[in-house]
Amino acid sequence: MKNYGLTNWQIKKAHEKILKNKEFLQKNGVHIDNKFVPYADFVKNSYTNSDRYIAELQHRAWSIFDYAKEKELKNVFITLTLPSKWHKMKTYKGKLVYNPKFAGRKYICIINKIKFINAHVKQHIPFIEPIFDFSQTIDKYLPRNASKELSKMLKRFFDDRSYKNINKNERCYFRVTEPHKDGTPHLHISLFVPRANVEKIVKALERLYPSPLGKIETDIQSPVSYLMKYILKTLDDLREDDTKITNLSLWYLYHGIARFYTSRTFVALDVYRKLNGKYTLIELTKEYLSQALSIYLDTTTKKVILIENEFGTLYTPKPVNWQQKIDFNDRLGEDGTIQIDSGFDSVYKEKIVVPIPLIIDNKEFVYYDGNVKNIKKMPYQMNDFELYNYFNNLDIDSVDDKHYLYTRNLLIDRGYDVGELLKLTAIDDLEFELEFELEG
């Protein structure tokens, strides 16, 4: 089995990290409606809920591709490799051998009875005469630092006029980090730009990163499938046995290197995840940019605390324990308001009034802005019985199509057979169904 530069000790530590993470996620969680839900049910990564993790990766890649296709952008596929000094090993006659140009630590050499660790490494070495102290030195040429160096190489290209002069809405990319056999990472980037800019982009890349540092392809027939090939081969199939994790996965885990990044073309992933697939990334971004969707962030934690559209609240965090309620109440002002940011870019600030729930004669009310008001529950706040009755009492002739569809989707999510799950943008399909129901 390939070890990708990992020592036996590093492989052991990576396995221990997985076991500790799994144990923590299983034994800790939140209480929702008096039911314990472990964190493992929410988390998805390469070894926890890996099928959901892969599905999200594929959605992100295809979203970028669909966006590029809609804009009629041309694909440029780039591979970036680090200079020889970053590679501990090199291939010689089909075998991995030590690379003498490697600038990292390899051995201790002795010159005039003084011990040096790779004498050619340029690094600050604090010392006490006459003995050198190597305990505080840092080896720069590790895989994690190599990954950062690749990001700097990519940024150097992104800062070049050939790329920077392209309108932000007319460029996008996704990239994957992959290790060589010796554990040194390299990058694959699928870049999408206007066809008229391709020649300038290629010339800039050849100038900045001539072969063998850079490799450029402009004739990839299926760019998203081509890159997904690189992504998927870095992932283990853990659906039947999650213990069969390879050293390739352990390499990412031990060094803390992310497999996959995309350009900031869409709304933040944190917002997308909060809505559990109600929108695709493209739909969600269009809704936000058209101001049909409002996203609120807590100014202290920077976490999403409210997502709503013109028809009501789509997401709000539910207090899951007393500590969360206490923390929330501690941030309330004397006027009953809490300061938050609006929008995922935190563009401006506004105050929202926090309602105080009341129960009078077993009926629910709320004290809001100096008045006691009846609670008008949104569909997502209703229990199953309330939601089912509410849906059946909707007036098909007058109800807003999106609200009808949103309510029906909630019922379907809760296991009710009231039709097919449709996206909120599928109004044409909904109108056909409503006409069919009216005719029936």
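The values are calculated or read from the model by the stated rules, or taken from the named source; none is laboratory data. Because the structure is predicted, anything quoted here is derived from the model rather than measured. Reconstructed Cβ throughout: ideal geometry from the backbone, glycine too, with neighbour counts over all protein chains shown.
Being at pLDDT 85 or above and not in a helix (DSSP H, G or I) is the filter here; which residues of region 46-79 pass it?
Hits for region 46-79 are K71, E72, L73, K74, N75, V76, F77, I78, T79.
So A204 ticks every box in (1) modelled with pLDDT under 85; (2) touching an Asp or Glu at 6+ places or on another chain (Cβ under 6 Å) but one. Which box is left unticked?
Against the list (1) modelled with pLDDT under 85; (2) touching an Asp or Glu at 6+ places or on another chain (Cβ under 6 Å), A204 comes up short only on (1).
What is the residue count in region 80-91 for residues that are surrounded by 16 or more Cβ atoms within 10 Å (Cβ to Cβ) and part of a strand (DSSP E or B)? Full working, then the answer.
At the first step, the residues of region 80-91 found to be surrounded by 16 or more Cβ atoms within 10 Å (Cβ to Cβ) are 80-82, 86-90.
Going one step further and asking which of them are part of a strand (DSSP E or B), we end up with 80, 89-90.
Qualifying residue count, region 80-91: 3.
May I ask you to list the residues in region 19-45 that are surrounded by 13 or more Cβ atoms within 10 Å (Cβ to Cβ), touching a residue at least 12 places away in the same chain (Cβ under 8 Å) and part of a strand (DSSP E or B)?
Matches in region 19-45: G29, V30, P38.
For every residue, the table says whether it meets (1) surrounded by fewer than 16 Cβ atoms within 10 Å (Cβ to Cβ); (2) over 18 Å from the mean Cα position of the chain (by Cα); (3) outside any loop (DSSP other than H, G, I, E, B).
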residue	(1), (2), (3)
E206	yes, yes, yes
K215	yes, yes, yes
L227	no, no, yes
T243	yes, yes, no
L248	no, yes, yes
Y254	no, yes, yes
G277	yes, no, no
E287	no, yes, yes
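Which one of these is crowded, with 18+ Cβ neighbours inside 10 Å, basic (K, R) and farther than 28 Å from G94 by Cα: R161, R195, R171?
Details: R161 fails: crowded, with 18+ Cβ neighbours inside 10 Å; R195 fails: crowded, with 18+ Cβ neighbours inside 10 Å.
Answer to the check: R171.
Being aliphatic (A, V, I, L, M), in a loop (DSSP other than H, G, I, E, B), within 30 Å of L281 (Cα to Cα) and modelled with pLDDT of 70 or more is true for just one of L394, L411, L422. Which residue is that? Before you say what the answer is, go through the steps one by one.
Values: L411 fails: in a loop (DSSP other than H, G, I, E, B); L422 fails: modelled with pLDDT of 70 or more.
One residue alone meets the criteria, L394.
Cβ-Cβ distance below 7 Å, separation of 6 or more or different chains: which pairs start in region 195-223 with a residue that is more than 23 Å from A146 (Cβ to Cβ) and end on one that is basic (K, R)?
Short answer, once both residue conditions are applied: R195/K74; V198/K74.
Can you tell me which condition D236 does not meet? The list is (1) within 24 Å of the chain's Cα centre (by Cα); (2) buried (at least 16 other Cβ atoms within 10 Å of the Cβ); (3) farther than 30 Å from E23 by Cβ, and all the others hold.
(3)
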